[in-house]
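Just below is one structure, and these are the notes that go with it.
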Amino acid sequence: MDLPKSYLKLIISFLIIIYSSINTSASNVNGGFIYDTANYELKDTNPEFGDYIAILDSSLQTNNKKDLAITLSKLGKICSEKGQYEKALEHLLKSITIEKELNNETRIAENYNLLANVYNKSGNSNKALENYEKSLHIYQKLDSVKDISKTLNHIGLIYSNWEKYEKSLKYFQKSLEIKESSDDKSGMANCYNNIAYIYYRWGNFDHALEYNIKSLEIYQELELEIKISYALNNIGLIYIATKQYEEALGYILKSLEIEKKLNNNSGIAKSLNNIGLIYHKQGKLKLAFRYYKEALVINEKHADKEQLAIGYSNIGTIYLHNNNIKEALKYLEKSTKIAEQGNYKRTLVYNYKSFSNAYSILDDNKKALDYYKKYVTEKDSVFNKEKHKQIHELKILYETEKKEQEINLLNTENKLDKIKLRTQKKELILLGTGFFIILFLLILTFVHSTKRKIAYNDLVARNVEIAKSEKALSIVKKQSENFAKEERSSLVSLHRKLNNKVENIIVKVETLSDKKTQEEIEQEHRKNIITECKNLSSDINNLLALSDENRIETNNKYSNSPISENQKQELLNGIIDLMENKKLFLDTDINLEKIANHLNSNKKYISQIINEKYDQNVSNFINEYRIKEARQLLSDSEYKKLTIEGIATSVGFNSKSAFNISFKKITGITPSFYQKSVLSQNQL
């Protein structure tokens, strides 16, 4: 059965509202993602402004057109840096006119680039694109590869600001290909940074982070501090987008430190603004406002138009959260005026939503609805028109109808009461649902905690048994070693006695053969007796050798090793003696070289033997002995007054953290949990 159209409209409207609330943030997440605009920062190597004015006057008097054009271009750069955009445009346009008379195409292209930069800063991105394309055309004609790459990068930035990311990405990739072919590492890093921004805007944060890390590594290799700061800032913004606020704060604080060191006001403002954004996201509005305000003070003097629009928008949002509608509207209006002039669509989206909320609070429902319509329309254009074109008209229709219905309801007191009642019911339902969800989570947490506690207690019990077994094994091992020594001593003594007897028999037989005649004792019989006695001696020697060989374990991994099996066994015995009897592992500085020195051997042989016998490296081998010792100490009530750090130090670890990691790796539990469990069991 088909649903009535009115129900269908309401359902779709409800879904769209949920979609909007999920995809709309409370603050301007554009933040301070820094592009690498590559090469248009004013250098401090320029003479003072007054000196250029003097050169300009001299050039006019002498009618030196070449010097006049160059001086006007330089004056244009200085005015642009100081924010005097009209003057900058005037100087640069005059310079281009003269350069055309001189037919100096290289200088014409450079001036077009400078002119585009001024238009971009002043918020006229259409004019900026027009001049970048003029510049690109000349550079392609001159086959100036480096300048082509630079201009492609600038055009990519324009399209990026217009939210035309696919087109922007193509320009960045073309620029990157040129940089890679000429092994221009700095240029490659700039392109990586800008490509990262595109992925950031698409919400592909893994790719964005990958490209930002590539750019950071190159900047660090080249020791470009300002660019390192850019990359750190941008990585911080990616972590903000993925709600990893602590990581984000760490990167942006590093960026701020570099910007302060370089006294770069624009960079300082961006870092402060992004710190404010982090606190805003965390709901720490006082801290957010403080950093936003500090950034805005700098931006009003130094920043470009887009950053100023973002700054006013963020301050307005904070005032709106605090229900200070008058101040909120004042800052939002300032932001919107700049954003509309510069066509900064993303900032406009946030502002229109904030305006709608502000006028709703003021009960100015007509304005609230008007701004909401603007918000829906502009948001659709920002989030890829092609993909959302089909639902665009429906979205505006349903959202508008919903708002109109709400306004009609608000105009009637009876309907207001109904809305309040429905709201109260919804709140009760939400509270009840929330209560049951929390209760369910608590039960789930309790069950999980209980299971984990049982599992940990099992691990403690196993480790206690292992510790007892190790202690008993140590005693048995010592006893067996003593017994083996006594047994070997007895065998050696027996061997000597038998040898003496054999020698006496041989002497007697030989003596007897001298006295007796050949007829009485046959020579062949005498030889057989001597041979049997010698075989008896050989069997005893083999018995002793066999007792030694039984202790040697063969391993084919090092079949080509120059050391013999006997040497291996001797070194292995020495290693075991150092660990189990001399407890060399208690030395915090013990390493492979020290073990080798103690045994008058080399590191290679020691490493080989440990790997053959225990299938692990030297570090893990030493740490196992340390953890065994620690397990005994933690199980002993005599050492209960020692801290975990004290135990760690006493068994040879340099730090508590390294001890905790090794202990958990080997035993499956933390040392503190193990100690508490064992000592509590002992008390019972």
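FYI, it's all coordinate maths here, none of it is from the lab. Every value quoted in this text rests on a predicted model; they were computed, and no experiment measured them. Virtual Cβ from ideal backbone geometry, glycine too; neighbours counted across all protein chains shown.
What list of ³J(HN,Hα) couplings, whole Hz, do you get for region 165-180 from phi and the Karplus terms 6.51, -1.76, 1.60, once you set θ to phi - 60° and write x for glycine and proline?
Calculated HN-Hα couplings, in order: 6, 5, 5, 4, 4, 4, 5, 4, 5, 4, 4, 5, 4, 5, 4, 5 Hz.
Fewest first, what order do Arg631, Arg462 take by the number of other Cβ atoms within 10 Å?
The fewest-first ordering by Cβ neighbours comes to Arg462, Arg631.
Beyond 16 Å, how much of the Cα-Cα pair distribution for region 562-683 remains, as a whole percent?
So the portion of pairs separated by more than 16 Å is 62 percent.
Which whole-Hz ³J(HN,Hα) couplings does region 239-247 yield from phi under the Karplus relation 6.51 cos²θ - 1.76 cosθ + 1.60, θ = phi - 60°, glycine and proline marked x?
5, 5, 4, 9, 6, 9, 5, 5, 4
Kindly give the semi-axes, whole Å and largest first, of the ellipsoid equivalent to region 98-157, taking each as the square root of 5 times a Cα gyration tensor eigenvalue.
Over the Cα atoms of region 98-157, the ellipsoid semi-axes are 19, 14, 7 Å.
With θ set to phi - 60° and the Karplus curve 6.51 cos²θ - 1.76 cosθ + 1.60, what are the ³J(HN,Hα) couplings of region 603-618 in order, to the nearest whole Hz, using x for Gly and Pro?
4, 4, 5, 4, 4, 4, 5, 5, 5, 5, 6, 10, 6, 7, 7, 5
Looking at the calculated P(r) for region 230-284, what percent of the C-alpha pair distances fall above 15 Å?
36
Hey, fewest Cβ within 10 Å first, where do Thr433, Thr106 land in order?
Ranked by crowding around the Cβ, least crowded first: Thr433, Thr106.
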